[in-house]
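Structure first, commentary second.
The values are calculated or read from the model by the stated rules, or taken from the named source; none is laboratory data. Keep in mind it's a predicted model, so treat the numbers as computed, not measured. Neighbour counts run over all protein chains shown; Cβ positions are idealised from the backbone, glycine included.
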């Protein structure tokens, strides 16, 4: 079953990879080589915007892995995304050093402003890039493992699991808003200067971040494709379609769910880590439950259980969001809600389903 599903969407996956590969060559060339006076020049602002979309696509891919192939509807993946972003933001804050507003060589500006005397213990190590990368992977992964272990062993699923994951991200948002937590409170972490010694405002660094985001998306896609087309993928789809039967056959369903949920959270954390240096800020608003709900809309619009459709949906919906919030900001939420209703009622397989239907008609 999984193999046939993959074959039906293989062309879409190849098209996605082709577009990303083309972008890896075209975008840097048009930004760094072509003159700004030329109509073919791509501004650095656009490069950063495309990099954001790639991060969102990786996040959507992470959710599609658990929702589309295992049937786990998570409304808390925005929390894993934000935790990965905070881990990277802490590293970037440590790199500022004495160049901050208050000129303190160790403490970030917000800690000096709040009269902190010393760096909290959980900030130790973030002056090293390797440590920050390790935390990007471990923090979301550990939270997902603990949360998933408690939930899956108790056989919490369906709408109940969705609700408690939403409660998780809301609780984290309230916690990170508090100044005494040591993460910048309402303002979060910002005013980043450089990454691995490279100026974050330079065109070359922006292009490098875009390229890294594209490569991360490609790697994430291949990893997910490998999983869903393997024997493990067969078990995951069986859990999605008939969980009780799969359990009666002797499979430890909770172990499979826990493993894939943890991996998905790690992917979301990587997406958040790549997102932060491109947008230049991370604050508690990234934990908002609405962000996780929007993520579900991305996957539904693109096509749940297709991988490439999730990435496509992330790009389309966020492009629409950028357009509407600029021209008609007050109507965006209505558009988003209407889009979700439309997809649920008329396009249950999303845009990927339309493409598949057209191709079947052509072959028929």
Completion exercise
Sole miss for residue 115 among (1) out of contact with any helix residue (DSSP H, G or I) (no Cβ under 6 Å at 6 or more places or on another chain); (2) in a helix (DSSP H, G or I); (3) farther than 18 Å from residue 92 by Cα is condition (2)
Exercise for the section: Keeping to the stretch 118-130, report how many residues are in contact (Cβ under 8 Å) with a residue 40 or more places away in the chain and not in a loop (DSSP other than H, G, I, E, B). Expected result: 3
Exercise for the section: State whether the residues of the stretch 1-21 include one that is modelled with pLDDT of 90 or more and outside any helix (DSSP H, G or I). Expected result: no
Problem - Sole exception among (1) more than 17 Å from residue 215 (Cβ to Cβ); (2) crowded, with 23+ Cβ neighbours inside 10 Å for residue 32, by number - result: (2)
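What residue, of 209, 215, is under 23 Å from residue 17 (Cα atoms), at pLDDT 95 or above, assigned to a helix (DSSP H, G or I) and out of contact with any strand residue (DSSP E or B) (no Cβ under 9 Å at 6 or more places or on another chain)?
215
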Exercise for the section: Could you check how many residues of the stretch 193-206 are part of a helix (DSSP H, G or I) and buried (at least 18 other Cβ atoms within 10 Å of the Cβ)? Expected result: 2
Exercise for the section: Report yes if some residue within the stretch 261-280 is under 15 Å from residue 156 (Cα atoms) and under 24 Å from the mean Cα position of the chain (by Cα); otherwise report no. Expected result: yes
Exercise for the section: Working only within the stretch 139-155, note down all residues that are surrounded by fewer than 16 Cβ atoms within 10 Å (Cβ to Cβ) and on the phi < 0 side of the Ramachandran plot. Expected result: 142, 146, 150, 153, 154
Exercise for the section: Return yes when residue 133 is assigned to a loop (DSSP other than H, G, I, E, B) and closer than 27 Å to residue 274 by Cα and no when it is not. Expected result: no
Practice task
Give the residues of the stretch 177-192 that are loosely packed, with under 15 Cβ neighbours inside 10 Å and not in a helix (DSSP H, G or I), sorted by residue number.
Solution key: 178
Problem - Selection from the stretch 312-346 of residues that are in contact with a helix residue (DSSP H, G or I) (Cβ under 8 Å, 6 or more places away or on another chain), more than 11 Å from residue 297 (Cβ to Cβ) and surrounded by fewer than 17 Cβ atoms within 10 Å (Cβ to Cβ) - result: 319, 322, 325, 331
Practice task
Name every residue in the stretch 52-104 that is outside any helix (DSSP H, G or I), surrounded by fewer than 21 Cβ atoms within 10 Å (Cβ to Cβ) and modelled with pLDDT of 90 or more, in order of residue number.
Solution key: 71, 73
Handout entry: Residue identified as touching a residue at least 24 places away in the same chain (Cβ under 8 Å), in contact with a strand residue (DSSP E or B) (Cβ under 6 Å, 6 or more places away or on another chain) and closer than 20 Å to residue 194 by Cβ among 88, 93
Key = 93
Completion exercise
The number of residues in the stretch 151-162 that are closer than 17 Å to residue 264 by Cα and without any contact (Cβ under 8 Å) to a residue 60 or more places away in the chain is 1
